[in-house]
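Visitor: Below are the structure tokens for one structure; questions will follow.
The values are calculated or read from the model by the stated rules, or taken from the named source; none is laboratory data. These figures come from a predicted structure and were not determined experimentally. Neighbour counts are summed over all protein chains in view; Cβ atoms, including those assigned to glycine, are modelled from backbone coordinates with ideal geometry. Accessible surface areas use protein heavy atoms only, side chains included; no ligands, DNA or RNA. Shrake-Rupley method; radii C 1.70, N 1.55, O 1.52, S 1.80 Å.
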Amino acid sequence: MKFDLKLYRGYANGNQLVVFGHVFESWAPDKYRSDRKGLRHAFSIIHMFRIKPLKNIAITLKFKNQEVTTKTLDDGYFRFDIPFFEPLESGWHTYCVSYEVDNIGIIQQGELLKPFESKLGIISDIDDTFLISHSNNFLRKLYVMLLKNIEKRKIFDDVVKHYKHLSRAGQENKNGSNSFFYVSSSEWNLYGFINDFVEIHELPKAVVKLKKIKTGISDFLFTGRDNHDHKFEKIKDIISFYPNLQYVLLGDDSQKDPFIYERICKIFPKNIKAVYLRQTGKKKKDITQRTLENIQSLNVETCYFKHSEKAIAHSIKIGIT
């Protein structure tokens, strides 16, 4: 019998630490390669959704002088959200999680982020914000996901240039960077694919927050769909966890990003510096323009752009340098 453990990047502030992951009675989704070609790639993607989470399994976190045990939820997900007051340098740190089932012990290492000193945090959507996904066309999105492996998936021009600009903006420490968070309506099943895509294109390393894991073929057909309230909640959690930062929000007009970001701006009127929305169709959407006008009325800078060079110019114009 296969057992597996998947850890995601965690994060910490001056008094709290968050680490999360999944336990499986099968291979974790990222065990299926995303660089295969043709039908082999399609089968790999489908297998990412044919997984069996393990519920109510005792799992132990070890980090610095902390050792804490909890249990997985019904979907195999676990989260440690614990007080943490030990001194911790800025940057990425290694933590360890282990569990035992049927006399089989599994132990893995993950990473967590203690942000560098900065005034800026960046929260970005993924699909059709930097990864071309055709989210507003169900059949085309399915075609691209199944038949285009990671080497053939495309990124928008100048996205990397813009994100690297945002990563370094205001940093006096040559080794420092502003913290990035990638928040998406894609499910945890696709975490490995997303991470690999980010690394291939040298986008900033980030904490990734995705949607509840799915466990069947029928679920796969509706990946990234349903309601997007989880994205709102995850963004709200990030800003609440680091309330001293101002944030740049990046998304697109293909789904619900404009309305999610509007809600965020209303709740955190002093925390949002700018909202960037990519135009995914041939024309700008009237409803998106009206939403951005309302966001601007809250003294938040906005940019509705087709090409990232316009977003870069806007960032420089408003002083994100």
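Visitor: Full extension from Asn15 to Asp75: what is 0.36 nm times the residue separation minus their Cα-Cα distance, to one decimal in nm?
Guide: 18.8 nm
Visitor: Related question: Springs between alpha-carbon atoms under 10 Å, Gaussian network over the chain: tell me which of Ser297, Ser90, Ser240 tops the mean-square fluctuations.
Guide: Maximum fluctuation in the GNM of the chain, among the listed residues, is at Ser297.
Visitor: What shape does the range 145-265 take by its C-alpha gyration tensor, where a ≥ b ≥ c are the square roots of the eigenvalues and a/c under 1.5 counts as rounded, a/b above b/c as prolate, and the rest as oblate?
Guide: oblate
Visitor: I'd like the FRET efficiency for Asn65 and Asp229, computed as 1/(1 + (r/R0)^6) with the beta carbon distance as r and R0 of 41 Å, rounded to 0.05.
Guide: Numbers: r = 37 Å, r/R0 = 0.90.
With R0 = 41 Å, the Cβ-Cβ based efficiency is 0.65.
Visitor: Here's a follow-up. Kindly sort Cys96, Cys265 by accessible area of their heavy atoms, largest first, with the probe set to 1.4 Å. Could you put the intermediate results ahead of the total?
Guide: Details: Cys96 25, Cys265 0 Å².
From most accessible down to least: Cys96, Cys265.
Visitor: Still on this structure: Determine the shape class of the range 250-321: with a ≥ b ≥ c the square roots of the Cα gyration tensor eigenvalues, call it rounded for a/c under 1.5, and otherwise prolate if a/b is greater than b/c, oblate otherwise.
Guide: Numbers: a/c = 1.96, a/b = 1.07, b/c = 1.83.
It is oblate, given that a/c is not under 1.5 and a/b is not larger than b/c.
Visitor: Compute the Cα gyration tensor for the range 85-155, then decide on rounded, prolate or oblate, letting a ≥ b ≥ c be the square roots of its eigenvalues: rounded whenever a/c is under 1.5, prolate when a/b is larger than b/c in the other cases, and oblate in all that remain.
Guide: Verdict is oblate for the range 85-155.
Visitor: Evaluate Rg over Rh across the range 1-139, taking Cα atoms for both radii and Kirkwood's formula for Rh. Numbers along the way, then the final one.
Guide: Numbers: Rg = 17.7 Å, Rh = 17.2 Å.
Rg/Rh: 1.03.
Visitor: Quick one: with all protein chains in place, what share of the accessible area of the chain is carbon or sulfur, to the nearest percent (1.4 Å probe)?
Guide: Within the chain, the accessible surface is 48 percent carbon and sulfur.
Visitor: Work from the charge dipole of the range 157-289 (Cβ charges, +1 for Lys and Arg, -1 for Asp and Glu, about the Cα centre) and give the residue of Thr280, Asn244, Ile200 farthest towards its positive end.
Guide: It is Asn244, whose Cα lies furthest towards the positive end.
Visitor: For Asp196, Asp74, what's the largest-to-smallest order of accessible area, 1.4 Å probe?
Guide: Of Asp196, Asp74, the descending order of accessible area is Asp74, Asp196.
Visitor: Still on this structure, I have one more. Magnitude of the Cβ-charge dipole of the range 182-307, K/R +1 and D/E -1, about the Cα centre, nearest 20 debye? Could the numbers behind the result be given before it?
Guide: Details: 21 positive and 16 negative charges, 64 e Å.
I would put it at about 300 debye.
Visitor: Around His307, which amide H atoms from residues at least 5 apart in sequence, or from another chain, sit under 5 Å from its own amide H, with H modelled in the peptide plane?
Guide: none
Visitor: Among Leu39, Leu131, Leu292, determine the one that fluctuates most according to a GNM of the chain built with springs between C-alpha atoms less than 10 Å apart.
Guide: Looking only at Leu39, Leu131, Leu292, the largest GNM fluctuation is found for Leu39.
Visitor: Right, another one. Quick check: residue separation of Arg40 and Ile132 times 0.36 nm, minus the Cα distance between them. What number comes out in nm?
Guide: 31.0 nm
Visitor: Can you list the HN-Hα couplings for the range 59-70, worked out from phi with the Karplus curve (6.51, -1.76, 1.60; θ = phi - 60°), rounded to whole Hz and with x for Gly and Pro?
Guide: Couplings: 9, 10, 9, 10, 8, 6, 9, 9, 9, 9, 10, 9 Hz.
Visitor: For Glu117 and Lys306, compute 0.36 nm times the residue count separating them, minus their Cα-Cα distance, and round to one decimal in nm.
Guide: Length difference between fully extended and current span is 64.8 nm.
Visitor: Using the Karplus curve 6.51 cos²θ - 1.76 cosθ + 1.60 with θ = phi - 60°, what ³J(HN,Hα) values do you get for each residue of the range 129-135, in whole Hz, with x for Gly and Pro?
Guide: 9, 10, 9, 6, 10, 6, 4
Visitor: Follow-up question, since we're still on this one. Using a Gaussian network model of the chain whose springs link C-alpha atoms within less than 10 Å, name the residue from Glu100, Glu262, Glu111 with the highest mean-square fluctuation.
Guide: Glu100
Visitor: Give the accessible area for Ile200 in Å² (nearest 10); use a 1.4 Å probe, count only protein heavy atoms, and leave out ligands, DNA and RNA.
Guide: Accessible area of Ile200: about 90 Å².
Visitor: Near the amide H of Lys209, under 5 Å away, which other amide H atoms are found, from residues 5 or more places off or on another chain, if H is placed in the peptide plane?
Guide: Tyr182, Val183, Ser184
Visitor: In addition: What FRET efficiency do you get for Leu147 and Lys270 if R0 is 41 Å and r is their Cβ-Cβ distance, rounded to the nearest 0.05?
Guide: E(calc), rounded to 0.05, equals 0.35.
Visitor: Continuing with this model, one more query. With charges set only on the Cβ (+1 for Lys and Arg, -1 for Asp and Glu), what does the dipole of the chain come to about its Cα centre, in debye to the nearest 20?
Guide: Here the size comes out at about 880 debye.
Visitor: Just want the answer: with Cβ charges of +1 for Lys and Arg and -1 for Asp and Glu, which residue in Gln289, Trp188, Phe85 is farthest toward the dipole's positive end in the chain?
Guide: Among Gln289, Trp188, Phe85, the one farthest towards the positive end of the dipole of the chain is Gln289.
Visitor: Counting DSSP beta bridges in the chain, what percent are antiparallel, to the nearest 5?
Guide: 55 percent
Visitor: Between Arg33 and Arg263, with labels modelled 7 Å along Cα→Cβ, what's the label distance in nm to one decimal, could you check?
Guide: Each label point is offset 7 Å from its Cα along the Cβ direction, giving 4.1 nm.
Visitor: Now a separate question. Which chymotrypsin sites (Phe, Trp or Tyr not before Pro) in the range 10-105 pass both tests, a DSSP loop state and at most 12 other beta-carbon atoms within 10 Å?
Guide: Hits after loop and neighbour filter: Phe85.
Visitor: Here's a follow-up. Please report the relative contact order for the range 120-193, taking Cα pairs under 8 Å with a sequence separation of at least 6, and give it as a percent rounded to a whole number.
Guide: Normalised by residue count, the contact order of the range 120-193 is 44 percent.
Visitor: Taking the solvent-accessible surface of protein heavy atoms with a 1.4 Å probe, what is the per residue accessible area of the chain in Å²?
Guide: Result: 48 Å² of accessible area for each residue.
Visitor: Among Thr60, Val144, Leu5, which residue has its Cα furthest toward the positive end of the charge dipole of the chain, with +1 on Lys/Arg Cβ and -1 on Asp/Glu Cβ?
Guide: Checked the options; the winner is Val144.
Visitor: Another question about this same structure. Check Gly121: other-chain or 5+ apart residues with amide H under 5 Å from its amide H, H built from backbone geometry?
Guide: Under 5 Å from the amide H of Gly121: Gln246, Tyr247, Val248.
Visitor: Okay, moving on. I'd like the Karplus ³J(HN,Hα) series for the range 79-87: coefficients 6.51, -1.76, 1.60, θ = phi - 60°, whole numbers in Hz, and an x wherever there's a Gly or Pro.
Guide: 8, 9, 10, 10, x, 8, 10, 5, x
Visitor: For the chain, what is the relative contact order in percent, using Cα pairs closer than 8 Å and at least 6 residues apart in sequence? Present the calculation step by step, with values, prior to reporting the outcome.
Guide: Numbers: 634 pairs, mean separation 53.9, N = 321.
Here the relative contact order equals 17 percent.
Visitor: Let me ask something additional. Sequence gap at least 6, Cα distance under 8 Å: using those rules, report the relative contact order of the range 1-144 to the nearest whole percent. Walk me through the intermediate numbers first.
Guide: On the way: 261 pairs, mean separation 33.9, N = 144.
Normalised by residue count, the contact order of the range 1-144 is 24 percent.
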